[in-house]
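What follows is a set of notes on a single structure, which appears directly below.
The values are calculated or read from the model by the stated rules, or taken from the named source; none is laboratory data. Predicted, not measured: the structure shown is a model, and the values here were computed from it. All Cβ positions, even for glycine, are placed from backbone atoms using ideal geometry, and neighbour counts span all protein chains on display.
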Amino acid sequence: MSHTSLSRRELLMSGTAFAGVTAMPSGWFTEPAVSLREEPRRVAQDSPLVRQLYGGGWPSAAETQKAYQEFLLQRAIQAYMFTLPALNVIGMRDGSEATFGRGYNVLPIWKDRMAARTWVPTPNCDVVYSMSYLDLKEAGPLVVYAPPAVIGMFTDFLQRTLTDVGAAGPDQGRGGLYLLLPPEYDGAIPGGYYTFRSRTYNVFLFFRTLLEGGPKGPDTTKAVALAEMTRVYPLSSLERNRPPMKFPNASPVRVNMMYPTDFTYWEKLKQFIDYEPVECLEPNVRGMLATLGIIKGEPFGPDAKQREILTCAVKTAAEMIFALRTYPPALPNTRYYTDRQYATLWGGVDANFMSPTYQAIDQQAAFFQLAYSSAPAMVVDAIGVGSKYPSTARDAEGDLLEGNRSYKLCLPPNIPAALFWSVTIYNPSDGTMPETPQAFPSRNKYDNVVTNPDGSVEIYFGPEKPAAAPEQNWIQTLRDHGFLVSIRLYGTKSSFYDQTWKPDDVVKLKA
């Protein structure tokens, strides 16, 4: 059996040699805790820890190696959870640049909306996306002209927001010039810009422009025209020397922008650590990475056994984060309502997952497993300009949503979205969109959905169209897959915040 094919149990139980020792730990996670020896070596009037640890003697080399290897696995799992925000956006950058090219003047735009052929966590297929990746170490300070009516943000590569852009940002929806400074910049800062300093050299540009209603449904014409007004150029450049912007249409292209699920995770993380300044990451997290051999400016050369453990940690950490998301007591602050199944991805804290006394690191890991780009406008109660995303993995009875079954969701009258609303389904593990014969796994206000006489809207889910469902109100699911339901409310109105309007739970339809 190859090292890389070992399961967690097989890895920890294997006798593969590591640093001259063949023993491995006897259990992990689901096993009850046991001492490394059945009986202490002697009975004496010893302190508690002396009695607990080998009766005052020394552990054997095998016992020491067991404990160390379990420690290495646990440390790698925790390091994964702390660094997932960076790898999340690194995966997006690498997939985008490999497909569409790199450079501050390259801005892929999903001109025909984003479909399931784009693998990215929980995308919104009911707006036009523009996303690029700016390197301030390579280009120096960059100016970005954000068009009017953009809904967007800039974040560093640990996905800490530099600023919202648009109605919730300093330009207040009018558009404007943003100046992005690298971490160590000490030059003159000119006026006339909305100026922000990044803690990483790499910056993520994420703009959304809104669809309009057309005779046959959503129309992207104006949204694309606005997105193509974006300009990016170095602060020190002259107009005649700037390369022209490139706006490739990303919609028809199949592209993988997901983060790694194998040992590549650690290799890409090492590249990031080497490239970025020391100050961008907290010293305690750097200390955790140092245990794994990931130190800025030093070689990263794990041996075969260490590679096995680190590869195992990537799989195990993903399983544990998924467990956090599906075991309600693990993330107790995510419920939007006392009488509904809907959750908030932020758990009642701010856009950086900070509460008054701690950072919600489990909630942060859960978020970045299936989403990206946390920004204040998504979290704060900004009436009429913010956005909210009540989402659920469960039906009204508390059962997880299954693609083999049919369901109905009722949105009561007066949906509180000044800009637009939509309902989208996602794969539960990573937030990618399920690929079905439908063009998009969503329905929105421009889809000519059938509306009830009282103004309510019923959305149906199922592998085939339920008999009662109008075609334009049905979202197709994949058999033998679970799914998540996310409601988007852009320009969220006060009735959402004071909970006088609440979406109904998803309900099973009779077979």
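From (1) of a type outside the set (A, V, I, L, M, F, W, C); (2) exposed (fewer than 15 other Cβ atoms within 10 Å of the Cβ); (3) without any contact (Cβ under 8 Å) to a residue 60 or more places away in the chain; (4) out of contact with any helix residue (DSSP H, G or I) (no Cβ under 7 Å at 6 or more places or on another chain), pick out the condition that doesn't hold for Thr344.
With respect to (1) of a type outside the set (A, V, I, L, M, F, W, C); (2) exposed (fewer than 15 other Cβ atoms within 10 Å of the Cβ); (3) without any contact (Cβ under 8 Å) to a residue 60 or more places away in the chain; (4) out of contact with any helix residue (DSSP H, G or I) (no Cβ under 7 Å at 6 or more places or on another chain), Thr344 is out only on (2).
So which of Leu226, Leu179 ends up being outside any helix (DSSP H, G or I), of a type in the set (A, V, I, L, M, F, W, C) and either farther than 29 Å from Tyr259 by Cβ or in contact with a strand residue (DSSP E or B) (Cβ under 6 Å, 6 or more places away or on another chain) (or both)?
Values: Leu226 fails: outside any helix (DSSP H, G or I).
It is Leu179.
The conditions are (1) among the hydroxyl-bearing types (Ser, Thr, Tyr); (2) touching a Gly at 6+ places or on another chain (Cβ under 9 Å); (3) without any contact (Cβ under 8 Å) to a residue 12 or more places away in the chain, and Thr451 fails exactly one of them. Which is it?
Of the numbered conditions (1) among the hydroxyl-bearing types (Ser, Thr, Tyr); (2) touching a Gly at 6+ places or on another chain (Cβ under 9 Å); (3) without any contact (Cβ under 8 Å) to a residue 12 or more places away in the chain, the odd one out for Thr451 is (2).
For every residue, the table says whether it meets (1) among the hydroxyl-bearing types (Ser, Thr, Tyr); (2) surrounded by 21 or more Cβ atoms within 10 Å (Cβ to Cβ); (3) under 25 Å from Asp504 (Cα atoms).
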{"position": "Thr357", "(1), (2), (3)": "yes, no, no"}
{"position": "Asp362", "(1), (2), (3)": "no, no, no"}
{"position": "Phe368", "(1), (2), (3)": "no, yes, no"}
{"position": "Pro376", "(1), (2), (3)": "no, no, no"}
{"position": "Val380", "(1), (2), (3)": "no, no, yes"}
{"position": "Val385", "(1), (2), (3)": "no, no, yes"}
{"position": "Gly398", "(1), (2), (3)": "no, no, yes"}
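Pick out the one residue from Gln52, Gln159, Gln65 that is crowded, with 16+ Cβ neighbours inside 10 Å, out of contact with any strand residue (DSSP E or B) (no Cβ under 6 Å at 6 or more places or on another chain) and not basic (Lys, Arg). Before the answer, list the steps.
Working: Gln52 fails: crowded, with 16+ Cβ neighbours inside 10 Å; Gln65 fails: out of contact with any strand residue (DSSP E or B) (no Cβ under 6 Å at 6 or more places or on another chain).
Residue meeting the stated conditions: Gln159.
For region 349-407, which residues satisfy the criterion of being of a type in the set (Phe, Trp, Tyr) and in contact (Cβ under 8 Å) with a residue 40 or more places away in the chain?
First, pick out the residues of region 349-407 that are of a type in the set (Phe, Trp, Tyr): 353, 358, 367-368, 372, 389, 407.
If the condition is that a residue be of a type in the set (Phe, Trp, Tyr) and in contact (Cβ under 8 Å) with a residue 40 or more places away in the chain, then Phe368, Tyr372, Tyr389, Tyr407 are the ones that fit.
Can you tell which of Val143, Val120, Val150 is surrounded by 23 or more Cβ atoms within 10 Å (Cβ to Cβ) and in contact with a strand residue (DSSP E or B) (Cβ under 7 Å, 6 or more places away or on another chain)? If you could, list the steps in order and put the result at the bottom.
Details: Val143 fails: surrounded by 23 or more Cβ atoms within 10 Å (Cβ to Cβ); Val120 fails: in contact with a strand residue (DSSP E or B) (Cβ under 7 Å, 6 or more places away or on another chain).
On inspection, the qualifying residue turns out to be Val150.
Please find, within region 102-146, the residue that is nearest to Thr220 (Cα to Cα) out of those that are out of contact with any helix residue (DSSP H, G or I) (no Cβ under 6 Å at 6 or more places or on another chain) and polar (S, T, N, Q).
Ranking the candidates gives Asn124 first.
Any residue at all in region 494-503 that's in contact (Cβ under 8 Å) with a residue 60 or more places away in the chain, touching a Leu at 6+ places or on another chain (Cβ under 7 Å) and crowded, with 16+ Cβ neighbours inside 10 Å? Spell out the reasoning first.
Quick first cut of region 494-503, residues in contact (Cβ under 8 Å) with a residue 60 or more places away in the chain only: 494-497, 499, 501-503.
Filter once more, so that each one left must be touching a Leu at 6+ places or on another chain (Cβ under 7 Å): 496, 503.
Remaining after also requiring crowded, with 16+ Cβ neighbours inside 10 Å: 496, 503.
Yes, there is a match, as at least one residue in region 494-503 is in contact (Cβ under 8 Å) with a residue 60 or more places away in the chain, touching a Leu at 6+ places or on another chain (Cβ under 7 Å) and crowded, with 16+ Cβ neighbours inside 10 Å.
Exactly one condition in (1) of a type outside the set (Ser, Thr, Tyr); (2) touching a His at 6+ places or on another chain (Cβ under 6 Å); (3) surrounded by fewer than 14 Cβ atoms within 10 Å (Cβ to Cβ) is false for Glu308; which is it?
Result: Glu308 fails condition (3) only.
It is to be established whether one or more residues within region 13-35 are at pLDDT below 95, out of contact with any strand residue (DSSP E or B) (no Cβ under 8 Å at 6 or more places or on another chain), surrounded by 14 or more Cβ atoms within 10 Å (Cβ to Cβ) and in a helix (DSSP H, G or I).
Scanning region 13-35 turns up at least one residue that is at pLDDT below 95, out of contact with any strand residue (DSSP E or B) (no Cβ under 8 Å at 6 or more places or on another chain), surrounded by 14 or more Cβ atoms within 10 Å (Cβ to Cβ) and in a helix (DSSP H, G or I).
Please name all residue pairs, on different chains or six or more residues apart, with Cβ atoms under 9 Å, provided the first residue is in region 61-86 and is outside any helix (DSSP H, G or I) and the second residue is among the hydrophobic types (A, V, I, L, M, F, W, C) and at pLDDT 95 or above.
none
Would you check if Glu282 is surrounded by 15 or more Cβ atoms within 10 Å (Cβ to Cβ), under 22 Å from the mean Cα position of the chain (by Cα) and not hydroxyl-bearing (Ser, Thr, Tyr)?
Working: surrounded by 15 or more Cβ atoms within 10 Å (Cβ to Cβ): no; under 22 Å from the mean Cα position of the chain (by Cα): yes; not hydroxyl-bearing (Ser, Thr, Tyr): yes.
No; evaluated as a whole, the condition is false for this residue.
Pick from region 188-202 the residues that are in contact (Cβ under 8 Å) with a residue 12 or more places away in the chain and either touching a helix residue (DSSP H, G or I) at 6+ places or on another chain (Cβ under 6 Å) or not in a strand (DSSP E or B) (or both): which of them is farthest from Ile109 (Cα to Cα)?
Restricting to residues being in contact (Cβ under 8 Å) with a residue 12 or more places away in the chain and either touching a helix residue (DSSP H, G or I) at 6+ places or on another chain (Cβ under 6 Å) or not in a strand (DSSP E or B) (or both), the top hit is Pro190.
Report, by residue number, each residue of region 328-372 that is closer than 17 Å to Ile487 by Cα and assigned to a helix (DSSP H, G or I).
Phe367, Leu370
Here is a list: Asp339, Asp362, Asp350. Which entry is over 29 Å from Ala79 (Cα atoms) and outside the structural domain of Thr118 (by TED's automatic domain parsing)?
That would be Asp339, the only listed residue that is over 29 Å from Ala79 (Cα atoms) and outside the structural domain of Thr118 (by TED's automatic domain parsing).
Is region 415-429 home to any residue that is surrounded by fewer than 19 Cβ atoms within 10 Å (Cβ to Cβ), farther than 27 Å from Asp381 by Cα and in the same structural domain as Phe368 (by TED's automatic domain parsing)?
Within region 415-429 (the criterion being surrounded by fewer than 19 Cβ atoms within 10 Å (Cβ to Cβ), farther than 27 Å from Asp381 by Cα and in the same structural domain as Phe368 (by TED's automatic domain parsing)), the answer is yes, since at least one residue qualifies.
Among the residues of region 110-163 satisfying the criterion of being in contact with a Pro (Cβ under 6 Å, 6 or more places away or on another chain) and in a loop (DSSP other than H, G, I, E, B), which is nearest to Glu97 (Cα to Cα)?
Here the answer is Met114.
Among the residues of region 439-496, write down those that are assigned to a loop (DSSP other than H, G, I, E, B), of a type outside the set (Asp, Glu) and farther than 29 Å from Gly386 by Cβ. If you could, list the steps in order and put the result at the bottom.
Here is the first cut: in region 439-496, the ones assigned to a loop (DSSP other than H, G, I, E, B) are 439-441, 445-450, 452-456, 463-470, 477-481, 483, 493.
Checking which are of a type outside the set (Asp, Glu) leaves us with 439-441, 445-446, 448-450, 452-453, 455-456, 463, 465-470, 477-479, 481, 483, 493.
If the condition is that a residue be assigned to a loop (DSSP other than H, G, I, E, B), of a type outside the set (Asp, Glu) and farther than 29 Å from Gly386 by Cβ, then Pro453, Pro463, Lys465, Pro466, Ala467, Ala468, Ala469, Pro470, Thr477, Leu478, Arg479, His481 are the ones that fit.
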